[in-house]
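K.L.:
Just dropping this structure here.
The values are calculated or read from the model by the stated rules, or taken from the named source; none is laboratory data. Keep in mind that this is a model prediction, so the values were computed, not measured. With ideal geometry, Cβ positions are generated from the backbone for all residues, glycine too; neighbour counts draw on all protein chains shown. With ligands, DNA and RNA removed, areas are computed over all heavy atoms of the protein, side chains included. Shrake-Rupley method; radii C 1.70, N 1.55, O 1.52, S 1.80 Å.
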Amino acid sequence: MAALVLALSPAVVPLASHARILSEVDLATVARIKPLFAEVLTDVSQTAERPNLAAGDSECIRSTMRSLLQISDELRSYEYLITIEGQLNESIDDGALRGVLRFAVENALKILGTERRRLGDLSEQCSRYALAAGKTRQALQFIEDAEAILKAVQPRL
């Protein structure tokens, strides 16, 4: 299961040695998204595998897991755009690079907002199942944490 989680989680965010737009601290902050995601997805997927899980809990937890995997798929390309800064050479115009980074962060935030609303609806539907409601809240907390991280670097773009 751990291999599946790492394969499906967002790409590793390398720290750039010569970042121009985002600082090393910014890149390290953005890199925190991956372990947060891996932690919540691992926990939710392990819970979904419990043999004694009630049918209602099981359905809600699996829906939460599908939402997390969808988030991963949708954010993958934007995360790549955010992290390529350190891999580009000096000949790339800083204004163009700043525009690409702004585009990536803004779209990642839109996706997270959409998924937060979707998980909020799921949370309401699953509120009568204590275990599932807790896992949905955990996934919502991940989204809020990821949004806070991206919003923290957004002003520098």
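K.L.:
Could you list all residues from segment 26-38 that are more than 12 Å from Asp145 (Cα to Cα) and either surrounded by 20 or more Cβ atoms within 10 Å (Cβ to Cβ) or in contact with a helix residue (DSSP H, G or I) (Cβ under 8 Å, 6 or more places away or on another chain) (or both)?
P.N.:
Asp26, Leu27, Ala38 - these are the residues of segment 26-38 that are more than 12 Å from Asp145 (Cα to Cα) and either surrounded by 20 or more Cβ atoms within 10 Å (Cβ to Cβ) or in contact with a helix residue (DSSP H, G or I) (Cβ under 8 Å, 6 or more places away or on another chain) (or both).
K.L.:
What's the total number of residues in segment 129-141 that are crowded, with 24+ Cβ neighbours inside 10 Å and either small (Gly, Ala, Ser) or within 20 Å of Arg32 (Cβ to Cβ) (or both)?
P.N.:
Residues that pass the stated criteria total 2.
K.L.:
Give Leu53, Leu101, Leu81 a once-over and let me know the one that is open to solvent by 20 Å² or more (accessible area, probe 1.4 Å), part of a helix (DSSP H, G or I), over 14 Å from Gln138 (Cα atoms) and not charged (D, E, K, R). Working first, answer last.
P.N.:
Numbers: Leu53 fails: part of a helix (DSSP H, G or I); Leu101 fails: open to solvent by 20 Å² or more (accessible area, probe 1.4 Å).
Sole residue among the options that is open to solvent by 20 Å² or more (accessible area, probe 1.4 Å), part of a helix (DSSP H, G or I), over 14 Å from Gln138 (Cα atoms) and not charged (D, E, K, R): Leu81.
K.L.:
Report every pair of residues separated by at least 6 positions or lying on different chains whose Cβ atoms are under 6 Å apart, first residue within segment 102-115 and under 15 Å from Ser72 (Cβ atoms), second open to solvent by 60 Å² or more (accessible area, probe 1.4 Å) and part of a helix (DSSP H, G or I).
P.N.:
Taking only residues 6 or more apart or on different chains, the pairs are Ile111/Glu74.
K.L.:
Does Glu124 qualify as being among the acidic types (Asp, Glu) and buried (at least 17 other Cβ atoms within 10 Å of the Cβ)? Steps first, answer last, please.
P.N.:
Working: among the acidic types (Asp, Glu): yes; buried (at least 17 other Cβ atoms within 10 Å of the Cβ): no.
The answer is no for Glu124.
K.L.:
Test Arg66 against the stated conditions and say whether it is in a helix (DSSP H, G or I), farther than 22 Å from Arg156 by Cβ and either open to solvent by 30 Å² or more (accessible area, probe 1.4 Å) or not hydroxyl-bearing (Ser, Thr, Tyr) (or both). Don't jump to the end; show me each part of the working.
P.N.:
Working: in a helix (DSSP H, G or I): yes; farther than 22 Å from Arg156 by Cβ: yes; either open to solvent by 30 Å² or more (accessible area, probe 1.4 Å) or not hydroxyl-bearing (Ser, Thr, Tyr) (or both): yes.
Criteria met by Arg66.
K.L.:
Any chance you could count how many residues in segment 109-155 are in a helix (DSSP H, G or I), more than 30 Å from Gly99 (Cβ to Cβ) and of a type in the set (Ser, Thr, Tyr)?
P.N.:
2
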